[in-house]
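The values are calculated or read from the model by the stated rules, or taken from the named source; none is laboratory data. Bear in mind the structure is a predicted one, so any value in this text is a computation, not a measurement. Ideal geometry is used to build each Cβ from the backbone, glycine not excepted, and the neighbour counts take in all protein chains shown. In case anyone asks, the SASA skips ligands and DNA or RNA and just uses the protein heavy atoms, side chains included. Shrake-Rupley method; radii C 1.70, N 1.55, O 1.52, S 1.80 Å.
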Amino acid sequence: SSGVRGLNVRYETHSSSAGWTGWFSNGEVSGTTGQALQIEAIKIQIVDPKNRVGVRYSGRIRGEGWTDWVENGAELGTTRQHRSLDAIKIELLDPPDGVSLRYQGHIEGSGWEDWVPEGEIVGTIRQGRRLEAIRIELIEK
């Protein structure tokens with residue numbers, strides 16, 4: 001799958017059992033479905049040849065609440081602590097006019113949720129349900 005206007009989004013997720021997935025991009029699935037594994041950490045980047053567009057993201061770690069925003073490939077969440085990242089929100093930084101992103105989560109017990117626009121929450125809060133996989137893509141508004 002291709003990006004939008006020369007921009008691509010790439011991301012990788014971590015679970016205690018499987019480790020880092022390696023990078024996926026532009027709507028590909030990162031994480032697992034049907035294996036009862038939780039996402040515990042994520043890194044997200046915008047690949048921009050002009051180095052103008054960035055991304056920031058915040059997550060909700062089970063038992064801790066929302067994290068501070070992190071940016072541009074920084075690790076969000078925990079590794080080797082078996083603590084689930086139950087929800088996440090993502091926003092572009094300095095996108096060109098007409099470019100946005102959307103994302104979709106696979107949730108324990110309910111499967112793939114609907115796509116949500118940037119800034120909205122994917123996942124669950126205080127329900128104790130794992131976020132197991134995620135897809136992120138850039139779109140034209």
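Would you point out the residue of segment 3-46, among those that are in contact (Cβ under 8 Å) with a residue 24 or more places away in the chain and hydroxyl-bearing (Ser, Thr, Tyr), that is most open to solvent (accessible area, probe 1.4 Å)?
Thr33
Would a scan of segment 77-93 turn up a residue that is at pLDDT 95 or above, of a type outside the set (S, T, N, Q) and assigned to a loop (DSSP other than H, G, I, E, B)?
Checked segment 77-93: no residue is at pLDDT 95 or above, of a type outside the set (S, T, N, Q) and assigned to a loop (DSSP other than H, G, I, E, B).
Being at positive phi, of a type outside the set (Lys, Arg) and in contact (Cβ under 8 Å) with a residue 60 or more places away in the chain is the filter here; which residues of segment 65-82 pass it?
Gly77, His82
Would you pick out the residues in segment 83-122 that are in contact (Cβ under 8 Å) with a residue 24 or more places away in the chain, among the charged types (D, E, K, R) and within 22 Å of Asn8 (Cβ to Cβ)?
Across segment 83-122, the qualifying residues are Lys89, Glu91, Asp94, Arg102, Glu118, Glu120.
Please identify the pairs in which a residue from segment 47-64 that is assigned to a loop (DSSP other than H, G, I, E, B) has its Cβ atom under 7 Å from the Cβ atom of a residue that is surrounded by fewer than 16 Cβ atoms within 10 Å (Cβ to Cβ), counting only partners at least 6 apart or on another chain.
Correct list of pairs: Pro49/Gly6; Arg52/Asp94; Val53/Leu93; Val53/Asp94.
Within segment 12-21, does at least one residue satisfy the condition of being in contact with a strand residue (DSSP E or B) (Cβ under 8 Å, 6 or more places away or on another chain), more than 13 Å from Ile134 (Cβ to Cβ) and outside any strand (DSSP E or B)? Can you show your working first?
Going residue by residue through segment 12-21, those that are in contact with a strand residue (DSSP E or B) (Cβ under 8 Å, 6 or more places away or on another chain) are 12-15, 20-21.
Adding the requirement that they be more than 13 Å from Ile134 (Cβ to Cβ) leaves 20.
In the following step, the residues that additionally are outside any strand (DSSP E or B) were identified as none.
No, there is no match, as no residue in segment 12-21 is in contact with a strand residue (DSSP E or B) (Cβ under 8 Å, 6 or more places away or on another chain), more than 13 Å from Ile134 (Cβ to Cβ) and outside any strand (DSSP E or B).
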